[in-house]
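Below: one structure, written as structure tokens.
The values are calculated or read from the model by the stated rules, or taken from the named source; none is laboratory data. Source: prediction; values computed, not measured. Cβ coordinates were reconstructed from backbone atoms using ideal geometry, including for glycine residues, and neighbour counts include every protein chain displayed.
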Amino acid sequence: MGENIMLDLSGRVAVITGGSGALGLAVAKELNGLGAHVILLGRSFDNLSEASSQIDSTSGSSSFYSCDVSNEDSLAQTAKKIYAVHPAVDILVTCAASPAAGGKFEESSLDEWRSLLATDLDGVYLACRIFGKSMIEKSYGRIVNLTSFHNIATYPYRSGYNAAKSGVEGLSRALAVEWGHYGVTVNTVAPGPILTPRTEFFLSQDEANLDGMLSRTPNIRVGKIEDVSATIAFLVSSEAKHINGQQIVIDGGWTKNAWWGNQTELD
């Protein structure tokens with residue numbers, strides 16, 4: 001960020017979908033620490049309650065609502081409850097994700113395909129449309145949608161996930177063009193290998209998995225959740241007012257590496 005940049009989100013209201021997940025909660029903590037009132041959305045009331053209890057309210061405040069972001073009525077009714085308390089939403093970060101992300105394409109079913117896209121793509125569409133309206137009316141808004149490094153470089157058995165995240169990137173790029181003159185910026189953040197519970201499970205399956213990941217990554221480390229949340233905090237701040245329609249990849253150079261050798265062996 002630089003020593004001279006002091007991010008301040010005091011007075012801002014931020015909605016975070018998937019707020020009880022690892023990334024969503026990390027983003028909530030980051031924005032809350034900068035003074036924003038963070039609103040966590042997710043399906044499980046119990047998980048949201050537990051996540052909310054982990055947020056330090058000394059800088060900002062927080063609240064949560066249980067809803068299904070892939071269901072238009074559910075999200076619209078939740079938005080009404082939010083607007084009854086807050087006149088407008090200033091920030092939207094979409095972190096909600098389907099638990100299923102992989103499998104052989106030829107063995108997949110249409111129901112599985114639709115279920116994945118319902119949360120990962122439809123949920124983003126609905127959140128942007130429903131909360132974007134208040135941003136347009138206020139002539140101010142910051143939207144950051146989570147995509148993935150799989151949009152750029154991928155591996156087998158991620159066809160549905162790639163389709164959903166590529167759709168999110170395309171939608172975000174289009175909204176940046178459409179809403180920029182309203183003072184609303186729309187960007188995406190594409191995490192590479194990040195130490196989330198899903199990545200930690202993958203790494204625990206075989207020691208070679210971590211070796212392979214590090215050998216491909218120029219930074220020679222697996223990313224931390226804080227790498228993602230700090231970038232999002234910058235993008236939703238006033239410091240990033242002229243950054244619009246961009247996909248920021250956070251992968252330590254993983255997707256830029258075309259070398260067949262081992263990064264850990266470089267002199």
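Here are the numbers:
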{"read-out": "Some residue of the range 226-245 being farther than 30 Å from residue 140 by Cα and touching an Asp or Glu at 6+ places or on another chain (Cβ under 9 Å)", "value": "no"}
{"read-out": "Test: residue 118 is hydrophobic (A, V, I, L, M, F, W, C), surrounded by fewer than 21 Cβ atoms within 10 Å (Cβ to Cβ) and farther than 25 Å from residue 200 by Cβ", "value": "yes"}
{"read-out": "Check on residue 208, loosely packed, with under 14 Cβ neighbours inside 10 Å and either small (Gly, Ala, Ser) or in contact with a Gly (Cβ under 6 Å, 6 or more places away or on another chain) (or both)", "value": "yes"}
{"read-out": "Criterion (without any contact (Cβ under 8 Å) to a residue 24 or more places away in the chain and either more than 13 Å from the chain's Cα centre (by Cα) or farther than 28 Å from residue 10 by Cβ (or both)) met by exactly one of 151, 244, 219, 209", "value": "209"}
{"read-out": "Selection from the range 171-198 of residues that are at pLDDT below 85 and either buried (at least 20 other Cβ atoms within 10 Å of the Cβ) or not in a helix (DSSP H, G or I) (or both)", "value": "195, 196"}
{"read-out": "So residue 111, is it modelled with pLDDT of 95 or more and either under 16 Å from the mean Cα position of the chain (by Cα) or among the charged types (D, E, K, R) (or both)", "value": "no"}
